[in-house]
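Data first, discussion second: the structure below is written as structure tokens.
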């Protein structure tokens, strides 16, 4: 059997969610299917940056079946209905939903309720806890873990009202808020806190210690899903392995049955038990996979070192053509671990200009090849041992640049470095576009516009003159677009260039000489070897105590104007 399965997923960020896709890939590979996972490498927990358009790339005719991991969209519920509607309308292949659905018939849910109950029972029966908080989750999303907690408390005759179930989402801020509330007496200190995942439990323990509350001496904490956080070296966490991997395998078994008409295979599950840790006072049981965890940690540390030492961003932002971009991606795809194929499609390019990077082409003749934007499924997927493919959108500042595909031979999900790779490639494409537009504008300025030109050409020329009206600055580890009109000046300092705004100075990747060329005709002029000033922000000038000329900006800042540039500065000031 050789077929293809499309997987619709939200984002990869922790072991709990990743387990779904790893289970799907494992079982699909056993049946002989290839998997194509479409997902959003989000930079925000709550808001997409238009990455969701990647789901529109799915051509249902290409697949034998589809798995929609609805449960992974808890932070983006607004996307669930449109995806379900598209799946309902297509008639070419069966669909299995992991999570919940009112419109699609084949639905699988997790079997985590009983597992979560075992952790709650451990806190009550072994440690005698009477007051327990359940932390995490969304009030508007049904969660069988929370249902299990309520059932256990009811069976034991313990109070379980609204004050015992504390929502706040499935991420760290809810833990930090609770730790602060307990420390300052805003809520009663419980005997124990049972968290819906280990990440929240770990964050809670850290924050409690920050406020002087010790775990387990002052209160007990337990988590769920047996993530790497549970076996941390500070306070190991009592937890229970989640059912996501097994659920993913069951989904493929059901889908395979719908495709072939055979009986649904019963997927065996290894016996599981509660994993006790220091967070409840029991101590930690010896882990059977310590060596595997150490190897994974070493692998992560090596990948981080490689990414840091690659000078990825510094080299990318110097790329000046599509050909250089192709070569850059070829030379740096090693930063995405474990892959055997990386391709990048630039969707805003024509077939003549666009370059797609295929590993197959490099193996054959070492060259990249042109592609058409509609060629979403290149032949590279049928080459070699590629079994599992991830499709990531290339989006920056709500602008779509294309998509990146990563091929793996084994069960795998892309890493944080792959997310960064995709994000930075999109930024690099934006910088390349700005450079090309600036070059076109210079060429246009060199040729006078004739009034007898067609109206549409005149309009195009005027639009072209409006390009490059923004600059990309580094802010909080990512790139942000800033309108040029907000920039006071650009300054080079110790081989780095900064854009000065009212809110502070932010690093940019262009060189000062490159900026001078790019901003020619936009009222940015050089006033010294290291400074380009926005003349629209200059309100006047004065003479310093050493008889040097000082440009006075609208925010009262004063910049030194060198003697070689003083005449040009005064001339431009008169014209403003």
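The values are calculated or read from the model by the stated rules, or taken from the named source; none is laboratory data. The model shown is predicted, which means the values in this text are computed figures rather than measured ones. All Cβ positions, glycine included, derive from the backbone under ideal geometry; neighbour counts span all protein chains shown.
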Criterion: over 23 Å from residue 434 (Cβ atoms) and out of contact with any strand residue (DSSP E or B) (no Cβ under 6 Å at 6 or more places or on another chain) - qualifying residue of 546, 517:
546
Checking residue 80 against (1) touching a residue at least 24 places away in the same chain (Cβ under 8 Å); (2) touching a helix residue (DSSP H, G or I) at 6+ places or on another chain (Cβ under 9 Å), which test does it fail?
(1)
Among (1) modelled with pLDDT under 85; (2) within 30 Å of residue 479 (Cα to Cα), which single condition is residue 312 missing?
(1)
In segment 534-554, residues that are within 13 Å of residue 500 (Cα to Cα) and in contact with a helix residue (DSSP H, G or I) (Cβ under 8 Å, 6 or more places away or on another chain) total 3
Does segment 18-38 contain at least one residue that is free of Cβ contacts under 8 Å to residues at least 60 places away in the same chain and part of a helix (DSSP H, G or I)?
yes
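Okay, residues lined up against (1) within 25 Å of the chain's Cα centre (by Cα); (2) part of a strand (DSSP E or B); (3) exposed (fewer than 14 other Cβ atoms within 10 Å of the Cβ); (4) at pLDDT 85 or above:
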site	(1), (2), (3), (4)
384	no, no, no, no
391	yes, yes, no, yes
406	yes, yes, no, yes
422	yes, no, no, yes
425	yes, no, no, yes
432	yes, no, no, no
435	no, no, no, no
451	no, no, yes, no
460	no, no, yes, no
Please work out if residue 54 is buried (at least 16 other Cβ atoms within 10 Å of the Cβ) and closer than 23 Å to residue 269 by Cβ.
no
Which numbered condition trips up residue 492, out of (1) modelled with pLDDT of 85 or more; (2) on the phi > 0 side of the Ramachandran plot?
(2)
Which numbered condition in (1) at pLDDT below 80; (2) surrounded by fewer than 12 Cβ atoms within 10 Å (Cβ to Cβ); (3) within 30 Å of residue 209 (Cβ to Cβ) is the only one that residue 273 fails?
(1)
Scan of segment 161-196 for residues that are in a loop (DSSP other than H, G, I, E, B), closer than 21 Å to residue 112 by Cα and at pLDDT 90 or above, ordered by number:
164, 196
Odd one out for residue 200, checked against (1) in a loop (DSSP other than H, G, I, E, B); (2) closer than 21 Å to residue 117 by Cα; (3) touching a residue at least 24 places away in the same chain (Cβ under 8 Å)
(1)
Is there a residue being over 23 Å from residue 260 (Cα atoms), touching a strand residue (DSSP E or B) at 6+ places or on another chain (Cβ under 9 Å), at pLDDT 90 or above and assigned to a loop (DSSP other than H, G, I, E, B) anywhere in segment 72-91?
no
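Residue-by-condition table, conditions (1) free of Cβ contacts under 8 Å to residues at least 24 places away in the same chain; (2) in contact with a strand residue (DSSP E or B) (Cβ under 7 Å, 6 or more places away or on another chain):
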position	(1), (2)
120	no, yes
133	no, yes
136	no, yes
147	no, no
161	yes, no
164	no, yes
168	no, no
195	no, yes
210	no, no
